[in-house]
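This report concerns only the one structure given below.
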Amino acid sequence: MRQLLVTSALPYANGPIHIGHLVEYLQTDIWVRFQKMSGNRCTYICADDTHGTAITIRAQAEGRSEEELIAEVSEAHQRDFSGFGIEFDHYGSTNSEESRAVCHEIWTALRKADMIKEEEIDQLFDTEKGVFLADRFVRGTCPNCGSTDQPGDNCDKCNATYSPADLIDPVSTLSGTTPEIRSAKHLFVQIEKLHGFLNDWTQSGTLPSESANYLKNFFLNEPLRDWDISRPGPYFGFEIPDSPGNYWYVWYDAPIGYIGTTKQWCDANGEKLDDWWKSENTEVHHFIGKDIQYFHTLFWPAMLKTAGFSLPTKVHIHGFLTVDGEKMSKSRGTFIEAAKYLDHLDPSYLRYYYATRLSSRVEDLDLNPEEFVSKINSDLVGKVVNLASRTAKFIQNVGLSSEYPDDGGLFETFAAKGSDISEAYEAGDFSKAMRMIMELADQANPFVENNAPWELRKDESKAQELQDVCTVSLNLFRTLAIYLAPVLPELAIKAGELLGEELTSWDQAQKPLTGSAVNKFKHMMQRVDPAKIEAMIEESKQVETTSTTAPLFEDSGDALAATPLGEEITIDDFLKPDLRVARIIEANEVPEARKLIQLTLSLGGDETRNVFAGIKSAYEPGELVGRLVVMVANLAPRKMKFGVSEGMIIASGPGGKDIFLLSPDEGAVPGQRVG
RNA sequence: GGGGCUGUAGCUCAGUGGUUAGAGCAGGGGACUCAUAAUCCCUUGGUCGUCGGUUCAAGUCCGACCGGCCCUACCA
């Protein structure tokens with residue numbers, strides 16, 4: 001029996017889990033379930049990654065403490081994971097005393113090995129917010145090509161790289177102010193000292209070959225740069241004990257969270273940490289995305305090596321999720337949050353679909369909605385579940401044959417395939433495993449077809465034959481359910497309920513089940529309704545502005561400066577104007593007027609108002625009809641050159657083309673009071 | 001700019017240098033009725049991105065080019 005410690009990358013505590021994240025967690029969960037079914041001792045550890053500037057910014061924006069924010073996000077993350085059947089042995093947080101202790105331990109080892117060096121570096125400082133600015137929080141003009149609105153580290157237009165201090169006219173995206181250059185002490189890990197070790201380790205088969213090649217040709221072909229692992233305070237994280245005022249950069253403590261969280265699990269389960277992280281008997285497996293591979297394959301092994309922890313046995317690296325061949329997009333509705341998915345669809349669908357697309361290679365994976373529907377409906381419902389649903393009821397009363405009948409070697413074929421499928425799972429080639437399983441399923445249905453149980457049951461003298469055919473069919477189904485169990489734990493449970501036997505071990509596929517009762521068949525999986533996918537995508541389009549990872553808005557103060565705030569008023573003053581939601585039901589040009597459009601506004605029912613609005617310069621009558629606006633409904637009617645105006649609609653902007661009508665959000669009804 | 005990966009049927013993908021390049025889905029035709037319009041049988045469909053090289057033999061190995069995705073260290 002092997003002993004395995006498995007991790008998925010720690011999700012950042014700043015935003016919800018989406019279907020892109022799930023590629024990794026489902027991949028890991030499938031692998032872990034496979035290991036457990038195969039009889040290995042396997043512990044699956046994960047945690048929220050909670051430190052860094054982005055957390056502070058979001059907490060501030062929401063007016064609460066970082067701790068409050070990360071507690072809430074952690075709860076949401078765990079709810080999402082559990083909704084998809086992802087079973088961690090323990091889910092922790094990098095903001096824990098256990099993690100802090102391991103950070104200290106590794107730090108001490110790095111100091112002792114003389115791996116740390118100090119250096120003053122220039123960085124942009126936001127004087128209003130009182131923080132140093134990471135590159136992504138600065139925008140300015142590229143010093144190389146002069147393109148405006150470029151990030152602080154490299155230019156999107158000309159690809160030049162530079163230091164944020166070189167940026168022309170830099171602006172802090174946090175406050176909109178001009179940051180100043182300040183010098184600060186930073187601590188660096190000199191991983192170049194482990195260059196030789198990393199050369200060997202990265203090429204030793206622990207990584208997919210494409211990653212090994214990438215590291216070899218991109219990082220390891222020149223001296224490794226020192227790794228800046230400290231940030232001056234204020235910073236949400238752990239303060240460095242021998243360097244007060246400086247904090248460990250979030251990427252220092254994030255992977256350490258793997259160990260800290262394992263420690264928590266050990267303490268709760270009477271285990272020793274050293275048995276899991278400092279023992280040759282335990283394999284350590286990391287599952288990560290290709291974007292963070294250099295952290296896990298250079299910095300992380302360097303730290304582990306220095307501090308005497310186990311090195312990863314294998315780093316499993318996956319690509320990114322695309323939807324319909326394109327990056328997930330909020331405006332297209334393909335940025336689908338886990339919780340949103342669960343509102344509409346069965347998690348089994350996604351588990352299976354991803355399994356059919358995952359391999360051991362570092363490849364992007366595309367989610368194609370039509371293929372998604374057809375794979376679930378034809379593979380799972382049509383081929384696999386159908387085997388049970390078309391035969392179970394024929395032998396509900398008599399159960400399975402007491403001896404396994406002659407099936408022409410089918411069961412044997414199924415059982416023999418177990419080791420190949422097992423190998424594919426082990427290697428992470430889930431798509432290959434799924435293909436082999438479906439090839440088996442393709443042999444099972446013709447068996448039923450050729451033996452036509454629906455004919456046999458018409459003839460009482462063929463009762464035994466009927467029982468035998470169904471026994472074979474259900475056993476083939478059972479084998480498929482076992483092979484699919486890591487991917488579809490729910491199906492395995494339901495199959496087990498049908499046959500009165502829990503399917504928990506890979507080896508069960510080697511021996512047919514005979515002589516036992518067969519329970520009443522219940523639907524095991526719904527067909528996918530494409531309308532539900534559409535609904536999910538449609539709803540995802542509307543959550544566009546939630547869950548931003550950083551303030552993306554850089555609104556200028558010009559408008560406010562041009563029109564300063566008015567004198568303070570009381571609530572009674574505010575309630576004087578009666579603002580109502582109204583629908584424009586008619587809009588006409590007023591030929592003689594330069595600025596006016598004539599509008600007929602409906603307040604619901606038969607209530608209408610005739611209003612002349614000075615918006616001709618910005619709107620066409622045609623585009624106005626039907627839309628909802630906000631009107632001042634109790635404004636005294638005013639006689640104008642072209643008729644009486646019975647109110648006013650509300651808009652902002654200086655005039656001319658820049659007039660912006662206010663619209664109520666979806667759901668508002670004409671006649672409703674605004675207040 | 002540098003680097004990694006990738007290009008095979010309408011779609012998604014298999015294809016350890018060795019017959020005439022395969023599967024699933026989709027398309028076409030038929031059968032069946034036990035099953036969630038599920039299943040079964042038959043069938044249409046390909047200059048393996050392009051050009052060149054190595055080889056008795058290339059989808060497979062090598063090179064160049066064209067297209068796509070991704071990474072490029074202080075965003076996590």
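The values are calculated or read from the model by the stated rules, or taken from the named source; none is laboratory data. Note that the coordinates shown come from a computational prediction; the quantities given were computed from them, not determined experimentally. Note that we place each Cβ from the backbone using ideal geometry, even for glycine, and neighbour counts take in every protein chain shown.
In the stretch A:498-548, which residues are at pLDDT 90 or above and among the hydroxyl-bearing types (S, T, Y)? Listed by number, the residues that qualify are A:T504, A:S505, A:T514, A:S516.
Looking for something free of Cβ contacts under 8 Å to residues at least 60 places away in the same chain and acidic (D, E) - is there at least one such residue anywhere in the stretch A:344-359?
The first filter runs over the stretch A:344-359 and keeps only residues free of Cβ contacts under 8 Å to residues at least 60 places away in the same chain, leaving A:353.
From the residues that got through so far, the ones that are acidic (D, E) too are none.
Among the residues of the stretch A:344-359, not one is free of Cβ contacts under 8 Å to residues at least 60 places away in the same chain and acidic (D, E), which makes the answer no.
Given A:Q78, A:Q27, which one is in contact (Cβ under 8 Å) with a residue 24 or more places away in the chain and outside any strand (DSSP E or B)?
On the way: A:Q78 fails: in contact (Cβ under 8 Å) with a residue 24 or more places away in the chain.
Going through A:Q78, A:Q27 in turn, the sole match is A:Q27.
Part of a loop (DSSP other than H, G, I, E, B) and either modelled with pLDDT of 80 or more or not acidic (D, E) (or both): does that describe A:A587? Before you say what the answer is, go through the steps one by one.
Details: part of a loop (DSSP other than H, G, I, E, B): no; either modelled with pLDDT of 80 or more or not acidic (D, E) (or both): yes.
For A:A587, the condition - part of a loop (DSSP other than H, G, I, E, B) and either modelled with pLDDT of 80 or more or not acidic (D, E) (or both) - is not met.
Please find, within the stretch A:500-545, the residue that is surrounded by the fewest Cβ atoms within 10 Å (Cβ to Cβ) out of those that are over 30 Å from A:E337 (Cβ atoms) and within 16 Å of RNA strand B (Cβ to nearest atom). That would be A:K520.
Please verify whether A:D200 is loosely packed, with under 13 Cβ neighbours inside 10 Å, over 31 Å from the mean Cα position of the chain (by Cα) and either assigned by TED's automatic domain parsing to the domain that holds A:K314 or under 30 Å from A:P234 (Cα atoms) (or both), treating the condition exactly as stated. In short, no. The number of residues in the stretch A:371-387 that are in contact with a Pro (Cβ under 8 Å, 6 or more places away or on another chain) and without any contact (Cβ under 8 Å) to a residue 24 or more places away in the chain comes to 0. Scan the stretch A:7-32 for residues that are acidic (D, E) and within 16 Å of RNA strand B (Cβ to nearest atom) and the total you get is 1.
Put simply, of A:W265, A:W227, A:W277 the only residue that is closer than 30 Å to A:L321 by Cα and among the hydrophobic types (A, V, I, L, M, F, W, C) is A:W227.
With the requirement that a residue be at positive phi and either assigned to a helix (DSSP H, G or I) or at pLDDT 95 or above (or both), what does the stretch A:449-477 give you? Can you show your working first?
In the first step, residues of the stretch A:449-477 are kept if they are at positive phi; the result is A:452.
Scanning the stretch A:449-477 gives no hits.
Counted as qualifying within the stretch A:336-447 are the helices (runs of 4 or more DSSP H) with 2 or more residues that are modelled with pLDDT of 90 or more, within 16 Å of RNA strand B (Cβ to nearest atom) and surrounded by fewer than 17 Cβ atoms within 10 Å (Cβ to Cβ), namely A:418-427.
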